[in-house]
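Notes follow once the structure below has been shown.
The values are calculated or read from the model by the stated rules, or taken from the named source; none is laboratory data. These numbers come from a predicted model, not from an experiment. Here the Cβ is made from the backbone with ideal geometry for all residues, glycine too, and neighbour counts use every protein chain on show.
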Amino acid sequence: LHLTQIALKRKPDWPKRVARAEELAERYSWEREVLRFYSRVLELQGELYEKARAASESATLDQNLRTVLDFSAAAKDLLRMIAVVERHGPAAMAEAAAEMKSSGAAKSEQLLRACAAGETLSPVEYFLALTVLQPYAERISYASAASNTDSGRGLCPVCDGKPLVSVLRPEGDGAKRWLLCSFCLMEWEFRRILCPYCGEQDNDKLPLFKPAVDTSAISVHACTTCRRYLKAIDTTVDGHAVPMVDEVAAGPLDMWGVGEGFQKLQPNLLGF
Ligand SMILES: [Zn+2]
Ligand SMILES: [Zn+2]
């Protein structure tokens, strides 16, 4: 008898992500335009997720998630994402996106496959491809029996994606750490005193910085050995936090981290 161990998987809730982006846009004037734009992107991603969910009640995953995505369906969605960027995105990005409209299905599919394979893309190509693929990837990683328990690896156990953000969630009397995958959006368990990049385990070398800005639940979790950092979102401080959205809203912490000589382990969708 073989049982796959699975920690609690968080149900994908796209409407909640949209609402959080809108809420934070009201709260943080410094990221208002970016968050309003992101809320429109999340809205379309939610539609794509529902479509992917309707297409497959369950998902089996006996191959690498990055090779089994429905690239031809996603290629058609790329045009819709381009339209969102043209309409709501920053001017330079909108211009670059508009140039991709005439790409054609074969080229669009090629771009999506390149993104899934982790190839280097231009910032706007990366943004478009990743935002379109995330809902498909999340559908499979959520619906499949893929394990998300702590293996001590700093890469997503389902798709080998790098972590975007560290999340503390209440557990018993304390909190447990999870890492959010930048590609398939699944959270996996990860011990607190361990650098996901270089494996450092010395607590003194893994400082948590809380710069004095209005984001009390968010800090910079750095490693002084490899000089990498991730933002950490503490949901025991703010239970309404939605990690992938709050991460984008806390842009000033990236400026602070980079100013201190740290490099972000994985830039977000917007390249920060
Ligand atoms: Zn993943
Ligand atoms: Zn490290």
Handout entry: Residue match in the stretch 107-115 (condition: outside any helix (DSSP H, G or I) and surrounded by 14 or more Cβ atoms within 10 Å (Cβ to Cβ))
Key = no
Problem - Ser144 of a type outside the set (Phe, Trp, Tyr) and either more than 12 Å from ligand 1 (Cβ to nearest atom) or within 26 Å of Trp256 (Cβ to Cβ) (or both) - result: no
Problem - Considering residues of the stretch 185-231 that are small (Gly, Ala, Ser) and at pLDDT below 95 only, the residue surrounded by the fewest Cβ atoms within 10 Å (Cβ to Cβ) - result: Ala212
Problem - Options Leu230, Leu206; residue that is closer than 28 Å to Glu125 by Cβ and within 16 Å of ligand 2 (Cβ to nearest atom) - result: Leu230
Fill in the blank from the handout: Picking from Phe127, Phe190, the residue that is of a type in the set (A, V, I, L, M, F, W, C) and within 16 Å of ligand 2 (Cβ to nearest atom) would be Phe190
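Between Ala105, Ala75, which is more than 16 Å from ligand 1 (Cβ to nearest atom), out of contact with any Lys or Arg (no Cβ under 8 Å at 6 or more places or on another chain) and either free of Cβ contacts under 8 Å to residues at least 40 places away in the same chain or of a type outside the set (Asp, Glu) (or both)?
Ala75
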Practice task
Out of the residues in the stretch 162-184 that are of a type outside the set (Phe, Trp, Tyr), touching a residue at least 24 places away in the same chain (Cβ under 8 Å) and assigned to a loop (DSSP other than H, G, I, E, B), state the one that is surrounded by the most Cβ atoms within 10 Å (Cβ to Cβ).
Solution key: Cys184
Exercise for the section: Could you tell me which residue of the stretch 1-31 is farthest from Pro170 (Cα to Cα), considering only residues that are among the basic types (Lys, Arg) and at pLDDT below 95? Expected result: Arg27
Problem - Sole exception among (1) buried (at least 19 other Cβ atoms within 10 Å of the Cβ); (2) modelled with pLDDT under 90 for Thr60, by number - result: (1)
Exercise for the section: Being assigned to a loop (DSSP other than H, G, I, E, B) and touching a Leu at 6+ places or on another chain (Cβ under 9 Å) is the filter; apply it to the stretch 135-149 and report the residue that is nearest to Asp70 (Cα to Cα). Expected result: Ser144
Handout entry: Residues of the stretch 147-178 classified as more than 9 Å from ligand 1 (Cβ to nearest atom), among the aliphatic types (A, V, I, L, M) and within 17 Å of the chain's Cα centre (by Cα), total
Key = 4
Handout entry: Test: Leu65 is surrounded by 15 or more Cβ atoms within 10 Å (Cβ to Cβ) and modelled with pLDDT of 85 or more
Key = yes
Problem - Check on Trp14, hydrophobic (A, V, I, L, M, F, W, C) and under 16 Å from the mean Cα position of the chain (by Cα) - result: yes
Practice task
Take Tyr136 and decide whether it is modelled with pLDDT of 95 or more, aromatic (Phe, Trp, Tyr) and closer than 14 Å to Cys184 by Cα.
Solution key: yes
Practice task
Under 6 Å between Cβ atoms, at least 6 apart or on separate chains: pull out the pairs that start in the stretch 217-246 with a residue that is in contact (Cβ under 8 Å) with a residue 24 or more places away in the chain and closer than 23 Å to Pro135 by Cα and end on any residue that is part of a helix (DSSP H, G or I) and away from ligand 1 (no atom under 16 Å from the Cβ).
Solution key: Lys231/Leu253; Ile233/Asp246; Val242/Arg17; Val242/Arg20; Val245/Arg17; Val245/Arg20; Val245/Ala21
Problem - Matching residues in the stretch 239-256 - criterion: being assigned to a loop (DSSP other than H, G, I, E, B) and closer than 16 Å to Tyr229 by Cβ - result: Ala250
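Condition first: within 14 Å of ligand 1 (Cβ to nearest atom) and either at positive phi or within 13 Å of the chain's Cα centre (by Cα) (or both). Now tell me which residues in the stretch 179-207 satisfy that.
Leu179, Leu180, Cys181, Ser182, Phe183, Cys184, Leu185, Met186, Glu187, Trp188
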